[in-house]
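What follows is a set of notes on a single structure, which appears directly below.
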Amino acid sequence: MKLSKRMVAVITGGASGIGRAMAIDLARCGLNLVLADVEATPLARTAEEVAALGATVLAVPTDVSDRGSVQALADAAYERFEAVHVLCNNAGVAIGGPLQDARHEDWQWLIGVNLWGVIHGVEAFVPRMIAGGKPGHIVNTASMAGLIASAGLGIYNTTKYAVVGLSETLSKDLRDTKLGVSVLCPMGVQTRITESERNRPEDLGEKRAERGAPQLLGRYLAPEEVSAMVMQAIEHERLYIPTHYEGLEFWDRRAQRVHDAFPGPSDDQ
């Protein structure tokens, strides 16, 4: 899909990191922006930065884990701009630690943001985007942790594997529409995701900052590098957006293990 002036993009987790970088790139392409984030002060700061690039910007504090909050975001976007062409379900949080030590509240928090956040975005925006009849694109932020399981990242892996599967299926379901789908699967990026506990709701357990996400293997890319890959994927309608070449080795190992597990054609069934 060709990105062009007067299109409208919605970005959750748009106040910082990859979301902020995508907002800047989309503004430079001439799009108007609806930015959503749970952190109101950084959200306002990013909105001002993007507006300085010439974009019309609507900033909407949003908790993506809350369906009503995302529905309100969609209502605000359509009331202001009457259309949405690019939807980036990007908000995410992470914690580490063995699954056997996980608290129920840990599961609730990560599933609420990382998975329900994407589901809520799909529910609130995609039917309206289809009804609009215009070309559009959905970008769901998963992770390399949605393709490869890692010790100490079990809850995060669970949510991101689900986002990959959701995105793959959504791509198939939207084949007869004008909407494309991409799933972003980065390894290390220079963001504050390891500080996610700063935004943990009080009703979902005590904050434990020392349990930040484990350091990932490989290089740590700047958010701007990742955003550039997303822009290319939208323009060329690519489903998968892996960001690190070194991740291919891990994927190949997993794929080979799965391949080797299949029975042969002559094996007893």
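Can you tell me which residue within segment 85-120, out of those that are more than 18 Å from Val64 (Cα to Cα) and in a helix (DSSP H, G or I), is modelled with the lowest pLDDT?
Asp101
List pairs: first in segment 187-208 and touching a residue at least 60 places away in the same chain (Cβ under 8 Å), second of a type in the set (Phe, Trp, Tyr) and surrounded by 15 or more Cβ atoms within 10 Å (Cβ to Cβ), Cβ under 8 Å, 6+ apart or cross-chain?
Arg200/Trp109; Pro201/Trp109; Leu204/Trp109; Gly205/Trp109
Please specify each residue of segment 158-176 satisfying the condition of being under 14 Å from the mean Cα position of the chain (by Cα) and over 12 Å from Val139 (Cα atoms).
If the condition is that a residue be under 14 Å from the mean Cα position of the chain (by Cα) and over 12 Å from Val139 (Cα atoms), then Thr159, Lys160, Tyr161, Ala162, Gly165 are the ones that fit.
Checking Asp66 against (1) of a type in the set (D, E, K, R); (2) touching a His at 6+ places or on another chain (Cβ under 9 Å); (3) farther than 30 Å from Trp107 by Cα: exactly one of these is not met. Which one?
(3)
Among the residues of segment 231-240, is there at least one that is hydroxyl-bearing (Ser, Thr, Tyr), within 26 Å of Gly154 (Cα to Cα), out of contact with any Phe, Trp or Tyr (no Cβ under 7 Å at 6 or more places or on another chain) and modelled with pLDDT of 95 or more?
First, the residues of segment 231-240 that are hydroxyl-bearing (Ser, Thr, Tyr): 240.
Of the ones still in play, those that are also within 26 Å of Gly154 (Cα to Cα) are 240.
Applying the additional criterion that residues be out of contact with any Phe, Trp or Tyr (no Cβ under 7 Å at 6 or more places or on another chain) yields 240.
Next cut, modelled with pLDDT of 95 or more only: 240.
There is at least one residue in segment 231-240 that is hydroxyl-bearing (Ser, Thr, Tyr), within 26 Å of Gly154 (Cα to Cα), out of contact with any Phe, Trp or Tyr (no Cβ under 7 Å at 6 or more places or on another chain) and modelled with pLDDT of 95 or more.
Looking only at segment 66-91, count every residue that is in contact with a helix residue (DSSP H, G or I) (Cβ under 6 Å, 6 or more places away or on another chain) and either free of Cβ contacts under 8 Å to residues at least 60 places away in the same chain or of a type in the set (A, V, I, L, M) (or both) and tell me the total.
Residues in segment 66-91 being in contact with a helix residue (DSSP H, G or I) (Cβ under 6 Å, 6 or more places away or on another chain) and either free of Cβ contacts under 8 Å to residues at least 60 places away in the same chain or of a type in the set (A, V, I, L, M) (or both): 8 in total.
Of everything in segment 169-189 that's part of a loop (DSSP other than H, G, I, E, B) and surrounded by 15 or more Cβ atoms within 10 Å (Cβ to Cβ), which residue is modelled with the lowest pLDDT?
Looking at residues that are part of a loop (DSSP other than H, G, I, E, B) and surrounded by 15 or more Cβ atoms within 10 Å (Cβ to Cβ), I get Gly188.
The values are calculated or read from the model by the stated rules, or taken from the named source; none is laboratory data. Values in this document were obtained by computation on a predicted structure and should not be read as measured data. Reconstructed Cβ throughout: ideal geometry from the backbone, glycine too, with neighbour counts over all protein chains shown.
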